[in-house]
Amino acid sequence: MNSLNPVAFVDQDFTELKTLLENYHDKKQVILVDTNTKKYCLTLLLEHVPELNHAEIFQVAAEENSKSMEICFDLWKRLTDNNFNRNDLLINLGGGMISDLGGFVAATYKRGMDYINIPTSLLAQVDASIGGKTGVNFHHFKNLIGSIYLPKSVFIFNDFLTTLPKRQILSGFGEVIKSGLIADKELWKEIKQLDEISIGQLTDIVKDACQIKLDIVKSDLHEKSIRKTLNFGHTIGHAIETYSMSNHPSPCFHGEAIAMGMICESYISWKTNKITQEDHQEIEGFIVKHYAKIDFDLNDFSSLLETMKKDKKNISNEYNFSLLDEIGLACFDVKVEEELIKESLVHLHNINF
Ligand code: GLY
């Protein structure tokens, strides 16, 4: 297994990336883009890093459906047609869909070729691009087929975020909030003082969130223990995201659903005597201030609960949560009763955003 390298925050001259590329000067390179990152990010990357001008460009549609075995077959074929070897380099330029897909293709091609991530969304910068989770969807199950295979490095260039709509920033910021809540009280203090969530103010906060994720993954790459704490907000949040995909004409974004999940799961943390009511209210107040509500029909409890039971993080037929022991400290593998989950959903449903 390759090792977990620090995340590089690059500035306009991309020195860190150029240094890495020196190791690949006599190797083939391919940049995986989607239709959006081809349009908004590729030119910028090539302008700053002309060393990549000869790289092959593989493009996929900018949609979740691109995370499929069919697209993998196509990408493996194109790598083969272009005589790529395992020591050549695949560069993922995009959000989480691209790093999941490209990472998986790299993990499996000739038993593992080198790859790097250049995440272009806030969500990918603070979460998906770090920690080597790769995979594709299969038969309507998200990330069912995949592996943990680490990139050689991750390069974060904030200018890519300037073309993103505000909702994309808010979505990524959901994972930043989570980082503070599970691992860093000081970060949470900084976050809760923000009047507005806009990229101009975020550089240091994003660095802190990336460092938290790196530290956690370093100590538990295969999610046997502390990496599970990264799932705070995700058991209920993922169920709400799945519900929104089937029931809302314009489905929510991942981090927006996780923000709703964090309201419910901090409620459960309070009701199980882990955090105080004031802590819960502080978390809820911040999310209500900055996010739009994602609502659901109270008659649809069963479909939300069904999704939670099917969560691949469950090892038995129980509801398994990562919760907050206190702000800045999370616990994992906590069994929660169905009644309390329902109560937290009713609580969310009744909040006026
Ligand atoms: N996105 C959670 C993890 O990487 O473990």
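The values are calculated or read from the model by the stated rules, or taken from the named source; none is laboratory data. All figures in this text were calculated on a predicted structure; none of them were measured in a lab. All Cβ positions, glycine included, derive from the backbone under ideal geometry; neighbour counts span all protein chains shown. With ligands, DNA and RNA removed, areas are computed over all heavy atoms of the protein, side chains included. Shrake-Rupley method; radii C 1.70, N 1.55, O 1.52, S 1.80 Å.
Looking at the chain only, what percent of DSSP beta bridges run antiparallel? Nearest 5 please.
Working: 10 of 29 bridges.
Beta bridges within the chain, antiparallel portion: roughly 35 percent.
Enumerate the amide H contacts of Asp34 below 5 Å, restricted to partners 5 or more residues apart or on another chain; note that Pro and chain-start residues carry no placed amide H.
Those lying under 5 Å, H to H, from Asp34 are Val60.
For Val49, list long-range residues whose amide hydrogen, built 1.01 Å from N in the peptide plane, is under 5 Å from its own amide hydrogen.
none
Mind pulling the angle between the C-alpha long axis of helix 254-271 and the longest principal axis of the chain? Nearest 10 degrees, somewhere in 0 to 90.
Approximately 40 degrees, to the nearest 10.
When the chain is treated as a GNM, springs tying every alpha-carbon pair under 10 Å, which of His234, His48, His254 comes out with the largest mean-square fluctuation?
The residue that fluctuates most here is His48.
So which of Lys218/Lys309; Lys178/Lys310; Lys110/Lys178; Lys289/Lys309 end up more than 26 Å apart, counting from Cα to Cα? It would help to have the intermediate numbers written out before the result.
Values: Lys218/Lys309 28 Å; Lys178/Lys310 23 Å; Lys110/Lys178 36 Å; Lys289/Lys309 30 Å.
Beyond 26 Å between Cα atoms: Lys218/Lys309; Lys110/Lys178; Lys289/Lys309.
Per DSSP H run of at least 4 residues, take -39500 (n - 2.57); add these up for the chain, divide by its residues and hand me the 222 nm value, nearest 500 deg cm²/dmol.
Values: 12 runs with 152 residues, N = 353.
So the helix-based figure for the chain works out to -13500 deg cm²/dmol.
Compute the angle between helix 301-310 and the longest alpha-carbon principal axis of the chain, please, reported from 0 to 90 degrees and rounded to the nearest 10.
50
Can you compute the modelled spin-label distance between Tyr40 and Asn85, with each label point 7 Å from Cα toward Cβ, in nm?
Result for the modelled spin labels: 3.8 nm.
Report, in debye and to the nearest 20, how large the dipole of segment 27-120 comes out about its Cα centre when Lys and Arg carry +1 and Asp and Glu carry -1 on their Cβ. The partial results should precede the final answer.
Working: 10 positive and 12 negative charges, 58 e Å.
The calculated dipole for segment 27-120 is roughly 280 debye.
To the nearest 10 degrees, how steep is helix 69-81 against the longest Cα principal axis of the chain, on a 0 to 90 scale?
20
For the chain, with a Gaussian network of springs between Cα atoms less than 10 Å apart, report the residue from Thr35, Thr120, Thr19 with the top mean-square fluctuation.
Highest fluctuation among the options: Thr19.
Mind checking the per residue accessible area of segment 9-108 for me, 1.4 Å probe, whole number of Å²? Please list the in-between numbers first.
Details: 4720 Å² over 100 residues.
In whole numbers, segment 9-108 has 47 Å² accessible per residue.
Heavy atoms only, probe 1.4 Å: what % of the accessible area of the chain goes to carbon and sulfur, would you let me know?
On the way: 7540 of 15500 Å².
The nonpolar share, carbon plus sulfur, comes to 49 percent.
Roughly what % of DSSP beta bridges within segment 33-189 run antiparallel, to the nearest 5? Before the final figure, lay out each step's value.
On the way: 5 of 14 bridges.
Of all bridge pairs located within segment 33-189, approximately 35 percent are antiparallel.
With point charges of +1 on the Cβ of Lys and Arg and -1 on the Cβ of Asp and Glu, referenced to the Cα centre of the chain, which listed residue (Trp188, Tyr24, Cys264) lies farthest in the positive direction of the dipole?
Of the options given, the answer is Tyr24.
Spelling out what I want: for every residue of segment 42-51, take phi, set θ = phi - 60°, compute 6.51 cos²θ - 1.76 cosθ + 1.60 (Karplus), and round to whole Hz; glycine and proline get x.
Once rounded to whole Hz, the list reads 5, 4, 4, 4, 5, 4, 7, 10, x, 4.
What whole-number distance in Å separates the alpha-carbon centres of segment 310-343 and segment 240-308?
Going from one Cα centre to the other spans 14 Å.
May I ask you to list the trypsin sites (Lys or Arg not before Pro) in segment 42-123 that are in a DSSP loop and have at most 16 other Cβ atoms within 10 Å of their Cβ? If you can, show how the numbers build up before the last one.
Numbers: sites: Lys67, Lys77, Arg78, Arg86, Lys110, Arg111; in loops: Lys67, Arg86.
In loop regions of segment 42-123 (DSSP not H, G, I, E or B), the sparsely surrounded trypsin sites (Lys or Arg not before Pro) are Arg86.
Just to confirm, what accessible area per residue do you get for segment 156-246 at 1.4 Å probe, in whole Å²?
39
List the residues whose amide H sits under 5 Å from the amide H of Glu326, counting only those 5 or more places along or on another chain, with H placed 1.01 Å from N in the peptide plane.
none
Going down the table (Lys18/Lys133; Lys38/Lys142; Lys271/Lys293; Lys28/Lys313; Lys18/Lys213), which pairs top 27 Å between alpha carbons?
Working: Lys18/Lys133 25 Å; Lys38/Lys142 25 Å; Lys271/Lys293 22 Å; Lys28/Lys313 37 Å; Lys18/Lys213 25 Å.
Too far apart for the 27 Å limit: Lys28/Lys313.
Quick one: what are the phi-derived ³J(HN,Hα) couplings along segment 317-324, Karplus 6.51/-1.76/1.60 with θ = phi - 60°, whole Hz, x for glycine and proline?
7, 10, 8, 10, 10, 9, 10, 9
Any idea of the accessible area per residue across segment 276-353, 1.4 Å probe, to the nearest Å²?
On the way: 4070 Å² over 78 residues.
Ligands and nucleic acids excluded, the figure is 52 Å² per residue.
Extending each Cα 7 Å along its Cβ direction at Asn23 and Asp74, get the distance between those two points in nm, one decimal.
So the two model labels end up 3.1 nm from each other.
Could you work out how far apart the two model spin labels at Leu329 and Met245 are, taking each label as a point 7 Å from the Cα in the direction of the beta carbon, and quote it in nm?
It works out to 3.6 nm between the two label points.
Provide the per-residue ³J(HN,Hα) series for segment 239-245, in order, calculated from phi with Karplus coefficients 6.51, -1.76, 1.60 and θ = phi - 60°, each as a whole number of Hz, with x at glycine and proline positions.
5, 5, 4, 5, 4, 4, 5
Among Asp300, Asp114, Asp325, determine the one that fluctuates most according to a GNM of the chain built with springs between C-alpha atoms less than 10 Å apart.
With Cα springs under 10 Å in the chain, the top fluctuation among Asp300, Asp114, Asp325 is at Asp300.
Using a Förster distance of 30 angstrom, determine the FRET efficiency expected from the C-beta separation of Asp204 and Ile351, and round it to 0.05. Walk me through the intermediate numbers first.
Values: r = 30 Å, r/R0 = 1.01.
After rounding to 0.05, the efficiency reads 0.50.
Work out the charge dipole of segment 142-267 with +1 on the Cβ of Lys and Arg and -1 on the Cβ of Asp and Glu about the Cα centre, then indicate which of Phe253, Tyr243, Gly146 is farthest towards its positive end.
Gly146
About the Cα centre of the chain, what is the dipole size in debye to 20, counting +1 per Lys and Arg Cβ and -1 per Asp and Glu Cβ, all else neutral?
Values: 36 positive and 50 negative charges, 190 e Å.
Using only the charged Cβ atoms, the result is roughly 920 debye.
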